[in-house]
Every structure is written in C-alpha cells, then in structure tokens.
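Presented below is the structure to which this report refers.
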Amino acid sequence: MTKWWQLSVCLLCVSGYPIAQSQNIESTSTPWSATESDPAKRQSLRLVEERVQLWLQRGRTFQLEGALEQLERVLPRHPLVLELRANAALQAGDRAAAQALLAEMQRYAPNRIETIRLKQSLELTDEQLQVLAEIRLLDIAGRSNEAAQRLPEVYAKVPVAADLALEYWQIIARAGERERALKGMTELQQRYPEHIPTTLAILNQKLALSLLTTPDLQQLTGLTLDSIYGNAALSLWLRVLPTLTPSQSELQAVQQLARYFPNHAEVQRFQRDLTQQRRQLIAEQSKQQEVADQAEQQRDARDIASDQRTEEPTTESEIIAATEPTPISAPPEPELPSAWDVADTARPLEEAGRVEAARELYLQQLNVNPDSDSYFAYALFLERIGEFAEAQAQLDQLPGSESGEGVIALQQRLLDRRLAAVQNTRTQSVGGDFVNIPTTRLEDLSDRREAVLWLGYERAERESTPGISTLNTDSFIVRLTVPMEDNPTGEWFIQVDPIRANAGAADLDDNFWRNRFGTGLICESGCPSGIQPEAKEQGVAFGVGARWDAWEFDVGTSPWGFHDYAWVGGLSYSGDVGEFGWGVEAQRRILTSGLVNFSGITDPFSGEDWGPVTRNNLGFSMNWDQGTGWGWWANAGLNWFHGDATKSNRQWYAYSGLYTTVYDTEPFAVDLGLTGLSWGFANDQSQTTFGQGGYYSPKHYVSLSIPITLYGRYERLSYRFRASFGQSSTRLADSDFFPNNPGLQAQAEALAPITGIEPTFAGGKGGGFGRSYQATLEYQVNSHWYVGFSTTLERSEFFTPDNFMLYLRYHFGGWSLPARRPPAPPQRYVDNPWFE
C-alpha cells in the first residue's frame, strides 16, 4: 500500500532534497499555533522534525517514511507535510491541488522555507520547464557557457530549493565563474548545513581553485564513510591525491584515509608515495641543517678562540668562572609513539591472522601513550575483528571534544548494527494462551548483537478456595541472551526460574468443597478432616532456546522439585506472503492456572496422584502492518491436553484483532484496538475432583473487547498503561465428577441417594462484562542497567488474578540505549518462551 507522500520521499532521497534548518512558524492564528504554544507538543514536534532531518540527510527511505508519517500524525497541516502533498500532486499531474495547498501555506506560513520552495516550483511555466530541460542538455554536452547564459530565462533569482540551487551554481562554475559559484554554494550551505551534496560541491570547487585546507581534507575523509555519499566523496579524494605535497598535515590526512580503505590499491599507493616523499624531504632538510650547524659551530669556535686570546682572565673571580664547567641542559623529552605508526605495524600481523599479536601492540600503545588517537585506532581494530561491544567501550574513553568525523562515523556504524528495521511483536495473554500481536515502531531497537541479562521477581495471586483452587506463586527470573557469532540476527538464550507455589490450606470440614475435591465425595471411612497443611511446592524451571532467521526453537522443563514435572518446548517458523506476515508453530507447554495442572497433587482421601497437565499445540498466525497506523492480526489452531490420571481434552481456537495508532509522539502515544476471541473444548475440565484438570474449558466461549494503550518515553523513563474492556458469552457442558475413572463415577452415582449429590457438574450459559488493567514503567539507570516495574489486574465475575513484577536488565555492551518504548517486562519460561 502506498501513501500519498511515499513517491515524494523516493524522489527526495534520490535528489538529496534537504530539510532546511528550523525557522519560526507564523504565530498568527494557524492550524499549528496551538502546538507552538504548548511546551509538550512543541518538544514532540521538535523531536519529530529532527528525526525527519536525520533520516533524510542519510538517505534512508524506510526510516524517513516512518518519521514523515509520525510528523503527519502530530501536525497534519505542518508546512513540510503540505509541501510534500503538493509535490505528490504535481507528480500525479494535479497542478490545481498543488496550487490550493500553496494558497493555504501562503495564508498561514508565508515566510516558511517550504512555502517559498513550493511557490518557486509552481511559478515555473511549461515553457520555462522546457528551457530548463534544454539548459541541462547543453550542460551535459559541455556547452556550459551557453547553459549559464540561458539560466535567467528560467530563474529571476537563485532558486531556494537545495537541489535546484546547487544545480544552478554548478552550471555557473562549469561556465568558468568558479569564485562566484563557490560564494553562492557557501551561502547555500549556510541555509542547508547538513546537505552533503552541497558540501561535496564546495570541496570540488576548492580543489579547482587550489583552496583546499587540512580541515577540508578531514571533512572529506569523514564523508567517505557515509553510506549514501561515500563513493562520491572517495572519488573526489582520488582527484585530490595527485595535488598533495609531502607536508606533515597533508600526509596525516592521507594516512587516515588509507586506514579507512586498507584494501584500496590507489589510496594505498598514494600513501606510500607521499610517505616516501616526506621521508626524502625530511632527509634533505636534515642534511641541509647539518651543514648549516657545522658552519655555525666553526664560526663559534673561531669567535671563542679570538675572544680567549684578547680577553685573558685577570682577576681571581674571572679565573674561577673560566674554569667552571658549562651547565649541561636536560635532554628533550622523548617523543611518544604515534598510534597510527603502531596501526601500520599491526596491520600486517592482523592480515596474517596473528590477531592477538596485533592486539598486544595496540595495548602496549595504550599503556605508553593513552591519548585519543590510541583509543580510536584500537577501536577501529576491534571493529575489524568483530568485537563491536569492546570497540564501543574504547570509544567511550574519548572526551566529547574529540568526536571528529571518523569517530562519529565509527559510532554510527556500531549503532547501525543495533538498529532493527524489522517488524517486532508484542505478546498478549488471550484466554490463558499467549499470542503474538505485530507492531511496527521506528524506535524499536534490537539487542541481538550484545549479551543481555534479565533479573526479575514476579508475585502472582489467584485467590479462590484455599487448598483447592487458590494459587499464589513467587517466581524469580534469571535469563541470559547471547548473540550468535555466525548469524547477524540470531541469538541464544538460557533461562532459570526458581518458583514457589502455595495453594493455601484446605478446610475439609467444609462439606461443600470436601465433596468437590479429589475423591472426597465417595470417601466413607478414615477420611481426613479439619484444616490441612498448606499445599506448597518449590522447584526450578529451566529453558534454553535460539532464534535465527525465521526460526525459533526452545526446550526445557516445568519446575524440577515440584510434585511432578514435564518436558516442554516448541518450534516455530515465520515468513511473508506479499504484504502479509504468517507463522506456524508446534509446541508443548505446562498449564499454570492451578496446583493440580501446574505441579500435580496427591488426593488426600485416596492417596492417588493426578496432574500435571500439558497443552500440545499446533497453531497458525497471520498479520498485516505496513506502518500506516493500522494493523491486523489473527491466530488459529488446535490444542490437545494430556495429564497423569486426568481426562484428555482438545480445544480449537480462533483469535483476531485490529489496532490503530491514533496519536504518536515520543513522550505520548495512544493505540486503540478491537479484539475478538472464540474457542471451544471437547469436554469441561474446569473442576478439582479427581481426574479433572482444573483449567477453564467451556464448550464455547466468545468475547469482544476494546483495548486502549497509552505509552511513551520521556528522557530516561518509558511507560505503558493498558486497559481493556469487553463482553463475553460462554456455554458450559455437563461434566462428570470423575471423568477419567468410570469405576469411581459409578460409585458416586450409587451413593447419590445417601450424599444427596448428583455427581455431575451441570452445564449452562454464562458470560458478562470483564476488564483488565496493566501498567509498566522502565527507567534507564546508566549505560548498562535498566530497572522496571509492571502490574496486571484482571476483573471478571469469577476470575480476579493479580500480578506484580520488579525487574532489572543489564546490557553487557553498554550502548546507553534509551529505555524501551513501550517497555516490555520479562516473562517466566513456563508461561511463554519469549524472545526479545
């Protein structure tokens, strides 16, 4: 799907069309004046405008489209948005629509650079456009003088748009007026300081006029690392190289270029030649100085001898002074070794595979001369051998004042390895299952290229009947994620979760629950009574897994140390079909809704064990999200439930939802959704008599809910608040007290006249209004540590669980990434084998 401005974005990137530096928006009654007067909105607008400039200057179309889309949501009538709309209209041949947009811009923001640019574009007539095409042909044919003479036929004055203005001055320069063109380009650069094509054009004119300086060469070297304009900058450098002299500053500039391009034959040849010329020059200067010194010494010796003959010491003090030794001056401080000389020495070792020997040279250099060049040279070496986190650590040693073009370029390359232009997912609990809902966020950053340690504590409370259906758990989460060395997007994880579960103490004197727990209904003699000991379990769940390319895999166990445990795991694959994403998965998981299905228990009446229960799943998912602010997701599949001494069961399910981002700024955003859920079980296993699984399993369930999510990030703090309101309808099937044991069921039926209880849980219809609330906060403590808090409250007629979590996250790379937006707390492995 193509938005109205996407074609404009493509053309802007191709032409290098820039965003000018911010100018004041007209303060008269404008569609955006409210934003300018609101500090929070003004800050949000500034952040979005800066993001547009960043991605546009770097020529990254995907990120630019996202930033422009966000700008449109923040301020739909922003002059830049209107200008892009007008450009799209012109490209579609709708000149009237473009004129209408210009009229609006002239009415509310006549002095904005966008208004002036669009006005000049629309003022060009068809005849002038034809002349402009002829001028370009003349220039290409080498007839630049004729082309320059015809420019006034198109432009009464120099155009405002950067690409047109640059074209104008380049034609003037090729016509022979280089000084005038250089002056015009310099003025253009003042208006668009980050427009790289203008910078390159200025350097080109300086080369032609022999005006290049050492700072110019340093700037050009930095531009060779740019992902869009690097080749053009390197081509210009190759034209500069033959003009250089063997001066110290120019040699250093070439040496730095050679370090960036160690395999470029021509650059390396010029570096060797210039180095040799420099050595020869120094040798000649040294020889000349030596001859001059010798002559000076001979003159001094003759003068001293003459003085001694004519001025013999006569007094005692003069005789003493003449015989005293001449003081010897302290020797000069030895010159510290250059980091770049060390780099030149280490490079052959590195290329020969002797990496540790090369590393030792850099470490010795840091020990002897720990200056900025030494740290930077070592960081470049570490980047080449793939130790990116350590390279960042070396750059962190540099003071801010030392962040030159090369340092910034290396910082950007290291950061680019962490920017994820991929579609991420957020995990949501739906009817006790976890489903992945896609979300596209420009701010999403991938942690896949550094190790990350999670430490968490979760308290989950589900209060019901003590000892029977209550379940409170304390879980400690320890998870380590490590990137794969041979896969740029792959990662491994290992997770260890110590868990304590407590169901409380059952009161077996309560006849209602005594008859509906275990085999209490048919216990006739020697039956336990009174308050029982607390039903508690303690164990450790383990999980290991990996994600690479389109695959995800994990294997582990439910908590060892519980009454019983089960092996769990899963395998999934995801792909794309056109604009749609899809996935398929097969997995085996433990249920965690009650002690019976989580750990298994012993029936206090018969001494028999039953549980735990596993869910064995085959599922399929689809989603659609093109970054337009709207998205759709769906999950469907089958579950088979199996447990010790419990009746097997099966479930079908189908979930689907829509979501939209109605407001999106850095500090504050709002998502709205509509979610529909439907599922059904073959038989009802919701109860806690012997053989029942103790998990909610209606014959049919359907619900419709509206989730509302508020989230954002301000400085070091990010947050997410979510509320969901829905209506459900259920249909329950009849269920035997002892569904997996016909003998016990027959015994209960025979005792019905005595107990007065028909041993069947009656079905029926139900449902009602439900609501849930979730809040998560995350704070960046420093470049490594993040701390977070999360809580979830769910409220319906018979289901009121509460969850609270505290967590820490440690990033071994220390990239000082901002807090995640929105924050996503860790999860227990037994609940969901989540990936970051």
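The values are calculated or read from the model by the stated rules, or taken from the named source; none is laboratory data. Here the structure is a predicted model, which means the values were calculated and not measured. Ideal geometry is used to build each Cβ from the backbone, glycine not excepted, and the neighbour counts take in all protein chains shown. Ligands, DNA and RNA are stripped out before the accessible areas are found, and what is left, the full protein with its side chains, is counted by its heavy atoms. Shrake-Rupley method; radii C 1.70, N 1.55, O 1.52, S 1.80 Å.
Some observations on this one:
- Among the residues examined, Gly545 does not qualify as modelled with pLDDT of 90 or more, touching a helix residue (DSSP H, G or I) at 6+ places or on another chain (Cβ under 6 Å) and not hydroxyl-bearing (Ser, Thr, Tyr).
Yes/no matrix, rows are residues, columns are (1) within 40 Å of the chain's Cα centre (by Cα); (2) surrounded by 20 or more Cβ atoms within 10 Å (Cβ to Cβ):
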| position | (1), (2) |
| --- | --- |
| Thr602 | no, no |
| Pro612 | yes, yes |
| Arg615 | yes, yes |
| Trp633 | yes, yes |
| Trp640 | yes, no |
| Tyr653 | yes, yes |
| Thr661 | yes, yes |
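- Region 257-276 residues that are touching a residue at least 60 places away in the same chain (Cβ under 8 Å) and under 19 Å from Pro246 (Cα atoms), paired with ones that are part of a helix (DSSP H, G or I) and of a type in the set (A, V, I, L, M) (beta carbon under 8 Å, 6 or more apart): Arg259/Ala343; Arg259/Ala377; Arg259/Leu380
- Residue satisfying all of: in region 517-542; open to solvent by 50 Å² or more (accessible area, probe 1.4 Å) and either of a type in the set (D, E, K, R) or at pLDDT 95 or above (or both); nearest to Val584 (Cα to Cα) among these: Phe542
- Considering only residues in region 794-809 that are modelled with pLDDT under 90 and among the hydrophobic types (A, V, I, L, M, F, W, C), the one that is most open to solvent (accessible area, probe 1.4 Å) turns out to be Phe798.
- Checked against (1) open to solvent by less than 60 Å² (accessible area, probe 1.4 Å); (2) in a strand (DSSP E or B), Val596 passes all but condition (2).
- Verdict on Gly570 being more than 30 Å from Asn472 (Cα to Cα) and either under 48 Å from the mean Cα position of the chain (by Cα) or not in a loop (DSSP other than H, G, I, E, B) (or both): no
Residues are listed down the side, and each one gets a yes or a no for (1) basic (Lys, Arg); (2) open to solvent by less than 30 Å² (accessible area, probe 1.4 Å); (3) under 18 Å from the mean Cα position of the chain (by Cα):
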position	(1), (2), (3)
Tyr719	no, no, yes
Asn741	no, no, no
Glu749	no, no, no
His811	no, yes, yes
Gln827	no, no, no
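- For region 642-651, residues that are in a loop (DSSP other than H, G, I, E, B) and surrounded by 17 or more Cβ atoms within 10 Å (Cβ to Cβ) total 2.
- A count restricted to region 486-532 and to residues that are farther than 30 Å from Ile754 by Cα, among the charged types (D, E, K, R) and touching a residue at least 24 places away in the same chain (Cβ under 8 Å) stands at 3.
- So Pro667, is it more than 31 Å from the chain's Cα centre (by Cα) and of a type outside the set (Gly, Ala, Ser): no
- There is at least one residue in region 679-687 that is in a strand (DSSP E or B), surrounded by fewer than 20 Cβ atoms within 10 Å (Cβ to Cβ), touching a residue at least 12 places away in the same chain (Cβ under 8 Å) and out of contact with any helix residue (DSSP H, G or I) (no Cβ under 9 Å at 6 or more places or on another chain).
- Search result, residues across region 156-183 that are at pLDDT below 90, among the charged types (D, E, K, R) and either on the phi > 0 side of the Ramachandran plot or not in a helix (DSSP H, G or I) (or both): Lys157
- Criterion applied to Arg828, Arg809 was being in a strand (DSSP E or B), touching a residue at least 24 places away in the same chain (Cβ under 8 Å), more than 27 Å from Gly518 (Cβ to Cβ) and not hydroxyl-bearing (Ser, Thr, Tyr), and the one residue passing it is Arg809.
- Residue list for region 741-768, filter: within 30 Å of Ser703 (Cα to Cα) and either in a helix (DSSP H, G or I) or of a type in the set (S, T, N, Q) (or both): Thr760
- Here Met622 clears all of (1) farther than 26 Å from Thr473 by Cβ; (2) open to solvent by less than 50 Å² (accessible area, probe 1.4 Å); (3) not charged (D, E, K, R) except the condition numbered (2).
- Contact map, region 741-763: first residue without any contact (Cβ under 8 Å) to a residue 24 or more places away in the chain and within 22 Å of Lys647 (Cα to Cα), second residue open to solvent by less than 30 Å² (accessible area, probe 1.4 Å) and part of a loop (DSSP other than H, G, I, E, B), Cβ cut-off under 8 Å, separation 6 or more or different chains; pairs are Gln745/Phe737; Gln745/Phe738; Gln745/Pro739; Gln745/Pro759; Glu749/Pro759.
- When Ala733 is tested against (1) surrounded by fewer than 19 Cβ atoms within 10 Å (Cβ to Cβ); (2) without any contact (Cβ under 8 Å) to a residue 40 or more places away in the chain; (3) farther than 30 Å from Thr660 by Cβ; (4) not hydroxyl-bearing (Ser, Thr, Tyr), only condition (2) is not met.
- Of all the criteria given as (1) within 30 Å of Thr776 (Cα to Cα); (2) modelled with pLDDT of 95 or more; (3) crowded, with 17+ Cβ neighbours inside 10 Å, the one not satisfied by Pro667 is (2).
- The residues of region 208-259 that are more than 18 Å from Glu194 (Cβ to Cβ), of a type in the set (Gly, Ala, Ser) and assigned to a loop (DSSP other than H, G, I, E, B), listed by number, are Ser210, Ser247.
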